[in-house]
Every structure is written in C-alpha cells, then in structure tokens.
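The values are calculated or read from the model by the stated rules, or taken from the named source; none is laboratory data. Small disclaimer: the values here were computed from a predicted structure and weren't measured. Methodologically, a virtual Cβ is constructed for each residue, glycine included, from the backbone with ideal geometry; neighbour enumeration extends over all protein chains shown.
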Amino acid sequence: MNTVDTLVDFLNGIDGQGYKAYKGLRGTWAFPDFALHVDHVQGDPFAAPSRVRVILPPETAALEGDVLTSRSRRLGVASLLAKRFNETARRTMVRRGSGKSGLIEIETPGQEVLAQTAVIVGEHGTVEARFRIGLPAQGRRVCGRAAIALVTTDVPAVVNQSLRAGSVGHQDIRQHATTNEDADALRAELAARSWVAFIADGAKLARRSGVDDRPLLGDTAVPFSTPAGLTAEVELPNAGTVRGMAIPRGVTLIVGGGYHGKSTLLRAIERGVYNHCYGDGRECVVTDPSAATIRAEDGRSVAGVDISAFIGTLPQGQDTKAFSTPNASGSTSQAAAIVEALEAGATSLLIDEDTAATNFMIRDRRMQALIPKEEEPITPLIDRVRSLWETRGVSFVIVLGGSGDYLDVADTVVAMKEFRPSDVTADARRVASELPTGRKEEEPGSIEVFRTRRPDPTSVDPSTAKREAEIKVFKKHSLVFGNETIALSAVAQLVSRAQTLAVGRGLLLARTRFMDGRRSVSEILNLVTEVIEKDGLDELDDRKVGDLAHFRPMELAAALNRLRTLEVCSTEAAEAGF
Ligand code: ADP
Ligand code: MG
C-alpha cells in the first residue's frame, strides 16, 4: 500500500532530479482521511498542471443523511463544496517554485447549479473532488521538500477545510441541498400547470454588472413583486408555499419604458432553465427546461436550414427550404435560430427586442404599402407566432417596447414600470380594438413541417494534424473543435466554461457514435442526451478530469449549427415535425 510515509520517501528520493521523475507519483496514495489519486503528471513546471482526485469516504466527509436523499440535493451539495474548495485553495495556496509550482485549482461552478464533474457527492455520502496541482520545481528540477509541503500540508488543508461537512457547516450544506430540490420541484410544476415560467415574490433579478452574475445588493435592488392577475402559489417540499407570477403558455409580451427592467426579467427567465444556488436571488425563478433564447446573429454560418416559413424567394434565388450561407443577415440568422431551436426540441422561445432584427419582428402598414410583398422575402414573426403556438404548441415570451402591433397576437401582456410588473392584458386588448393597425397579415399558411436535416459526418471533423481529436475551450464562448473555432457568444444559455467543454465533447460523441449520414440532427441530439442521462458526464471523457458540466440538447445543437464546415443533406419530412 502506498502510504503518506512512502510518498514522502519517494519525493525525498527524487529531489533535484529531472522533472520527469515526478511521473513515479502516478497511482493511489492512502492518506489518513482520504485517498489521493494521481491520474496524470505534467511534463514540466510550465505545462498544464497535474490532474489528481481525492476521495473521502462517508465517515470522513460526514454529510448528514438528509442531504443525500435525492439527486437534486446531492447536486446542490456538490456545487457548494466545489465553490468552497476553490475559495479555500485560493486562500491557502503557496507559490512553491518556478512555473505553476504550488498551484491548486478546481473548475468552479458559477451561480447556476448544474450536474458537474469537479466535485461528486455519491448516494452513500462519498465525496470525490477532481482538481489540478502544480508539482514544485526549482528551475526544471524536482523540488522534493516543496512537493512534500504541497501534497502533505497544502492539499490536505484545502480538502479538510472545504470538503468535510464539519468545517463547511451542516446548516449551509442543508440550505444548498433543499434549495436545489425545491427548484426542481417548482420546475416540475410548470408543465403540470401549463406555465412557461414562474418568478417568485421577492426574487432578486438584477445582477451586479454585465460581467458579474452575482445578485445586485443594497437598497437600489428592487425585489420582484407579483402583479395581481398573474399570481399563483406552489407548494414546495422544503420551503412550503411560494407565491409568485406565473407566465401562462401561449404568447406573452413584456412591454414598458426603456430602462424599466424588461430585459432583466427576460434574462432571469432565460436562465430559469437552470437552478440557482442558495443566495443567488433567483432560487425560485424557473422556466420550461426546453426554453430557448433566440437572437439575431449576423455573420454566422447556416447549414441547410429550412427557413421557408419565414423567408421566401431571396434576391439571387437561394433555396430557403435548405438555406446555407457562410454569412447570414440579421433576419435570416434569426429565422435559422428559431428553426434550429425547434429541431432541438424547444417548446418555448424567448426573444428580446434589444437583440432581434427589426425587419424579422415586424413590418407595419406603411412599410407594407411602400414595399410590395413581391419585393420582400420576409414574413415577419408577428404573422407566425399564432400558428407556431396553435399548431405546434410553441410558447413565446417577447420583450417589445417599440411596436404595439404585437398586441393583436398576444395572450398575456406584462408591463414593467420601475422594475415592477403589472398585468395589462385587458388594457392591451382595449387599445388593440380601439386603434386597429391596418396592417395585412402576411402568408398565414401552414408551419407544420420543416425539412429534416442529416449531417454529413465527414463535415464534422474533430481531428488536427497532431491529434485524432482536439477539443478545447479558452473562453466560455469559444470552442475549439479540430481545426475550427466555433464562436458561441450569441448562445445566451451557455453559462460556464465547463458547460462549453462538455458541449464540445458531446459533439465528439455525436460524431463518433451516432453520425452516419442517415440519422437526423434531432435523432442525434436525443441519442447523446440519452447517453449522458444514463451514464453521466464521465461518458464524455473517461479521464475523469473534472472539468465538465451539464448541457441541454439546445446548447449542443447551437455548437453543431455554428460549426462552419457543417454540411447536411435535407429532405422533406415524412410527417409533421422534422
Ligand atoms: P429595459 O430592458 O427595460 O430597458 P433593463 O432590464 O436593461 O431595462 O434594466 C435597466 C437597468 O436597471 C439595468 O442596469 C438593470 O441591471 C437595472 N435593473 C433591472 N431590474 C432591476 C431591479 N429589480 N432592481 C434594480 N435594478 C434593476
Ligand atoms: Mg432592454
């Protein structure tokens, strides 16, 4: 058995040798309170740090039984422990030589609570943390003494202070567990009651800044207040009765003056597809898990998407039943985003005027009079939302301060004033009947069938000259896949680097296991989702690196659809759907 004593002897023995001598650390070392697994040793002190795992048995982790009783609870606890590990490591870490010597780092969750692989809490209370350490060097030589300090002092200190229930605090752990369970229960109510989203009274929606996702604190933060008319109550397993605003399925508009909180509300709804940690302010803001944010993204590529429901004959006669371009316009990109989202299974679409193409959203009476229909390929969304809702059951939440024409097609209208919502549906009906727009509805035809797309596997190539598969993420919105870099900054519901990396590995899995030229995009997305549901995120990377987080079919589709080499073959769908 490799004990701490043999570890110390080993490190003393290689002191002063070339850095490669560290390779002998690979394997499992038994510490008094945990097992340390060294999975991969870095090649030199400046390279990516070494990958290790610690596994704490239930006796040492000391989690109370009631925080382990459901998957939701365990995920809430795991996310908290990963954050604590990160905070403690940052505090405790000591620089112990050249390059990355002494480093201790873990992939840290943000405000969202996702299934992730950095810290895993098992059903019986085992806690596993996967992280990276920088093995100490002097120049490029092994520094035995510093290495002993790192692995026998620094690492155990971080582990003991952040992964053991006694030092984290049972109360805190329980709060994170039950908050997460309540959020899942609340989201489960949405389908049962035919709601798109639920926003609890008192929720804090505003964020600290555009680059800081933590809640805005202090007197300036106006808590959410439920408007009469849209009030609902839900019974939660832990928190008891929660009151809030329920947005019914159908077509909902969020209107109001500029700077009155419309986009902030929509943003909270968009993030409500995920749970939020205790203290975030959005713990009880939940949304249809299959809601997708749609925005214009001019310049993106599009591969064979059937946008004919929105865009007719283009100036140079391009086929809009299988529309491809390396450089989409605002309106064609937004049309493609809607069809791609539906293909990935979206049942609610979220749109903000701030990030939409005006000519895709609306054409008013005067523009209809000036530009004849024959010269305008776009059928604006306003003429499509009713049929998408009525024939396909797709709900909309649309932020729109600038065009009252949409009042004609809305089921529910919420007005934001000084960050407080009110239900103005009745007023909106009255205004709509008193002031007819005089615009003509365009092409109220069927929208039931979209063409099926089948990806050509050779167009999805993860390899480079050096490697069979190269998947990397530098920043949250930039995914390296083979020789391509997929730009994801318009994908609003990607929330962490770990999620983007998991999407990249999901794309690799899709390519190697399921793309055969015959399977459709939606079939492939479903197959990947099934694999992860059944076998977990480790199925995406058997090296157990600890840098992956859960994603939805929509995010996987978003990456595939933005891969510039993607080619598809498209055929008429046999039946309604894709
Ligand atoms: P709109 O879309 O209506 O123009 P935004 O949602 O962009 O308005 O909000 C404008 C500003 O007000 C933003 O800086 C936002 O962070 C802030 N804000 C939004 N909601 C609240 C709130 N409930 N409390 C405090 N500040 C808020
Ligand atoms: Mg706005």
Gly312 fails exactly one of (1) more than 16 Å from ligand 2 (Cβ to nearest atom); (2) buried (at least 18 other Cβ atoms within 10 Å of the Cβ), namely (2)
Members of region 230-253 that are among the hydroxyl-bearing types (Ser, Thr, Tyr) and away from ligand 1 (no atom under 16 Å from the Cβ): Thr231, Thr241
When restricted to Leu236, Leu205, the only residue touching a residue at least 12 places away in the same chain (Cβ under 8 Å) and within 16 Å of ligand 2 (Cβ to nearest atom) is Leu205
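Specify which of the listed residues (Ala188, Ala192, Ala221, Ala200) is more than 16 Å from ligand 2 (Cβ to nearest atom) and in contact with a Ser or Thr (Cβ under 9 Å, 6 or more places away or on another chain).
The unique qualifying residue is Ala200.
If a residue has to be surrounded by fewer than 20 Cβ atoms within 10 Å (Cβ to Cβ), touching a residue at least 24 places away in the same chain (Cβ under 8 Å) and more than 16 Å from ligand 1 (Cβ to nearest atom) to count, how many in region 410-434 make the cut?
So the count comes out to 5.
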Among the listed residues Val302, Val273, identify the single one that is away from ligand 2 (no atom under 16 Å from the Cβ), within 22 Å of Gln499 (Cα to Cα) and either in contact with a strand residue (DSSP E or B) (Cβ under 8 Å, 6 or more places away or on another chain) or at pLDDT 95 or above (or both). Val273
Taking the condition farther than 15 Å from Ala268 by Cα and within 16 Å of ligand 1 (Cβ to nearest atom), does Leu205 pass? no
Go through region 429-474 residue by residue and tally those that are more than 26 Å from Ala309 (Cβ to Cβ) and outside any loop (DSSP other than H, G, I, E, B). 11
Log entry, pairs with first residue in region 171-185 being over 13 Å from Asn275 (Cβ atoms), second being modelled with pLDDT of 95 or more and among the small types (Gly, Ala, Ser), beta carbons closer than 9 Å, six or more apart or on different chains, reads Ile173/Gly76; Gln175/Gly76; Gln175/Gly279
Please verify whether Pro227 is without any contact (Cβ under 8 Å) to a residue 60 or more places away in the chain, within 16 Å of ligand 1 (Cβ to nearest atom) and assigned to a loop (DSSP other than H, G, I, E, B), treating the condition exactly as stated. no
Is there a residue in region 475-497 that is at pLDDT below 95 and under 18 Å from the mean Cα position of the chain (by Cα)? yes
Select from region 401-416 the residues that are modelled with pLDDT of 95 or more and either among the basic types (Lys, Arg) or not in a helix (DSSP H, G or I) (or both) and list them in ascending order. Ala410, Asp411, Thr412, Val413, Val414, Ala415, Met416
If I filter region 354-391 down to residues being in a loop (DSSP other than H, G, I, E, B) and over 29 Å from the mean Cα position of the chain (by Cα), which single residue comes out as farthest from ligand 2 (Cβ to nearest atom)? Pro372
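Among the residues that make up region 276-286, is at least one of them among the aliphatic types (A, V, I, L, M) and either more than 24 Å from the chain's Cα centre (by Cα) or not in a strand (DSSP E or B) (or both)?
The initial filter retains those residues of region 276-286 that are among the aliphatic types (A, V, I, L, M), namely 285-286.
Then drop every residue that is not either more than 24 Å from the chain's Cα centre (by Cα) or not in a strand (DSSP E or B) (or both), which leaves none.
No - not one qualifying residue is present in region 276-286.
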Residue, nearest to Leu400 (Cα to Cα), within region 254-267, restricted to residues that are more than 6 Å from ligand 1 (Cβ to nearest atom) and within 24 Å of the chain's Cα centre (by Cα): Ile254
Apart from one, (1) part of a loop (DSSP other than H, G, I, E, B); (2) in contact (Cβ under 8 Å) with a residue 40 or more places away in the chain all hold for Ser263; the odd one out is (1)
If you take the residues of region 239-260 that are within 16 Å of ligand 2 (Cβ to nearest atom) and part of a loop (DSSP other than H, G, I, E, B), which of them is surrounded by the fewest Cβ atoms within 10 Å (Cβ to Cβ)? Gly258
Scanning region 184-200 for residues that are aliphatic (A, V, I, L, M) and assigned to a helix (DSSP H, G or I), which turns out farthest from Leu114 (Cα to Cα)? Ala192
Could you tell me how many of the residues in region 121-170 are touching a residue at least 60 places away in the same chain (Cβ under 8 Å) and of a type in the set (Ser, Thr, Tyr)? 3
Applying the selection to region 28-57, what residues are in contact with a Leu (Cβ under 9 Å, 6 or more places away or on another chain) and not in a loop (DSSP other than H, G, I, E, B)? Thr28, Trp29, Ala30, Ala35, Leu36, Val38, Ser50, Val52, Arg53, Val54, Ile55, Leu56
